[in-house]
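First comes the structure, then the notes that go with it.
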Amino acid sequence: MRNRTWPALLLGCALASAAAIGMSDADVLPALKALAPRGLLIGVALSQAQSDGKDAVALPIVTRHFNSITAENILKWENVHPETDRFVFEPADRFVDFGGKHDMFIVGHTLLWHQQTPASVFTGPDGSPIGREALLARLRTHIQTVVGRYRGRVHGWDVVNEALEEDGTLRNSKWRQILGEDYIAKAFEFAHQADPDAELYYNDFNLTKAAKRAGALRIVRQLKARGLRVDGVGDQGHWLLAWPAPEDIDSMLAEIGAAGVKAHITELDVDVLPRDERMYGADLDARKAFRAETNLYPDALPAGKHQELAARYADIFKVFVAHSRSVARVTFWGVTDRTSWLNNFPIPGRVNYPLLWDRAGQPKPAFHAVARVLEESRRDTAE
Ligand code: G3I
């Protein structure tokens, strides 16, 4: 039987001797990107401060452990194209420069979404709704300007984000209302025209649910039937300690692979705090009570919960490596717990712990659990 404990022991020795000569953990930790199976990118979403190099805690982690980056917000329509005739490219330029300098696979997020899109995209100068041809022209201009600017430098695009309802039918967004059902195909067509070499993805959440996944795979089939390029389906991977079951992640990856496209896990994190029906309600008192009652670890995550999170990440990564031929990338949605969006969702003001590095930039037990699973998978394939 193989000895499964030696990587942890070796790592412990390495850390002890490194500390003795004044090196930090960051200098000796195995780099996640180097441990991953061949062909599996390990990515991370960056805030603007991070891609501007202003987050001194995040910077060494990003450059050491990741070979792919996604812009968490700066390439969204409202940021890069806030008014009909005005584009703001400086922050996105710095993001793309950062990835280029560090030889990373750069993902653009996202070209078409029903959120973070200015209301003025859908209306004329007098505020009345515009029609299909006018909106198609705006979509074409947006995609061709943004994708065209980064042609050859941004390697993959989340072309359309979250177009599906939970039952797999198309969301009745303004895009669908005004353009009709072929709006997804149009977005892929425009993106491919702007950069024929860029990979193009459909991205959504909850694709571990069979009905919604069927909707995503229907979109893939429809794109292919039109002869359009589609390289991958992204599942965001905003998961909980107890959901989804590893078997459901397994089915999702198997079915995406069988559809002839790559699977991408595009926004991975694991929420350790409770959720319940009060969190979305309009009742402000109920929401405040929800925050107070569920902000369980305002000072620190207890050791037992750290272990639970580590075991959960290990289970998740075991499924990823089992499907490493069809999974092209796993991207974490944030670097350290300090900057995770989950401190502000579903309600602002809770202290969450969803990622691999703590608020001070120290690797958590979850980091070591992921490193161990990746390392073991490499050894297994080498034997
Ligand atoms: O930058 C401003 C800051 O100047 C201002 O003071 C502050 C006050 O609210 O807001 C800041 O902007 C916030 C921005 O994040 C940067 O932190 C926005 O309000 C906030 O809405 C925005 O949230 C982002 C969210 O998308 C918007 O829907 C999250 O950071 C981002 O993580 C999240 O990412 C999405 C993916 O794009 C799609 N999948 C789901 C995922 C999580 O919601």
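The values are calculated or read from the model by the stated rules, or taken from the named source; none is laboratory data. None of these values were measured; they are calculated from a predicted model. FYI the Cβ positions are ideal-geometry reconstructions off the backbone, even for glycines, and counts take in every protein chain you see.
Descriptive notes on the structure:
- Some residue of the range 282-305 being of a type in the set (Phe, Trp, Tyr), under 30 Å from Pro37 (Cβ atoms) and assigned to a helix (DSSP H, G or I): no
- Among the residues making up the range 140-173, those that are buried (at least 18 other Cβ atoms within 10 Å of the Cβ) and outside any strand (DSSP E or B) are His142, Ile143, Val146, Val147, Tyr150, Val154, His155, Glu162, Ala163, Gly168, Ser173.
- Within the range 114-122, the presence of at least one residue that is among the small types (Gly, Ala, Ser) and away from the ligand (no atom under 16 Å from the Cβ) is confirmed.
- Scope the range 241-266; condition of a type in the set (A, V, I, L, M) and outside any helix (DSSP H, G or I); matching residues: Leu241, Ala242, Ala245, Ala259, Val261, Ala263, Ile265
- Selection of the range 187-201 for residues being more than 14 Å from Gly227 (Cβ to Cβ) and in contact with a helix residue (DSSP H, G or I) (Cβ under 6 Å, 6 or more places away or on another chain) yields Phe190, Ala191, Ala194, Asp195.
- Qualifying position, being aliphatic (A, V, I, L, M) and out of contact with any strand residue (DSSP E or B) (no Cβ under 9 Å at 6 or more places or on another chain), among Ala163, Ala198, Ala216, Ala119: Ala119
- Candidates in the range 309-350 are the residues that are in a helix (DSSP H, G or I) and more than 18 Å from Asp248 (Cα to Cα); of these, the one that is nearest to the ligand (Cβ to nearest atom) is Trp341.
- In the set Ala300, Ala292, only one residue is out of contact with any Leu (no Cβ under 6 Å at 6 or more places or on another chain), within 24 Å of Thr336 (Cα to Cα) and at pLDDT below 95; that residue is Ala292.
- Where a residue in the range 350-362 is among the aromatic types (Phe, Trp, Tyr) and its partner, wherever it lies, is in a loop (DSSP other than H, G, I, E, B), with Cβ under 7 Å and at least six apart: Tyr353/Val272; Tyr353/Tyr297; Tyr353/Leu301; Trp357/Val335; Trp357/Lys364
- Qualifying residue in the range 83-101 (condition: among the small types (Gly, Ala, Ser) and more than 16 Å from the ligand (Cβ to nearest atom)): yes
- Every condition in (1) within 16 Å of the ligand (Cβ to nearest atom); (2) buried (at least 19 other Cβ atoms within 10 Å of the Cβ) is met by Val272 except one, and the failing one is (1).
- In the range 191-240, the residues that are in contact (Cβ under 8 Å) with a residue 60 or more places away in the chain and in a helix (DSSP H, G or I): Ala191
- Considering the range 105-136, the residues that are touching a helix residue (DSSP H, G or I) at 6+ places or on another chain (Cβ under 8 Å) and assigned to a loop (DSSP other than H, G, I, E, B) include one that is farthest from Arg171 (Cα to Cα), namely Gly124.
- Test for Val160: is it within 16 Å of the ligand (Cβ to nearest atom), over 23 Å from Leu240 (Cβ atoms) and not polar (S, T, N, Q): yes
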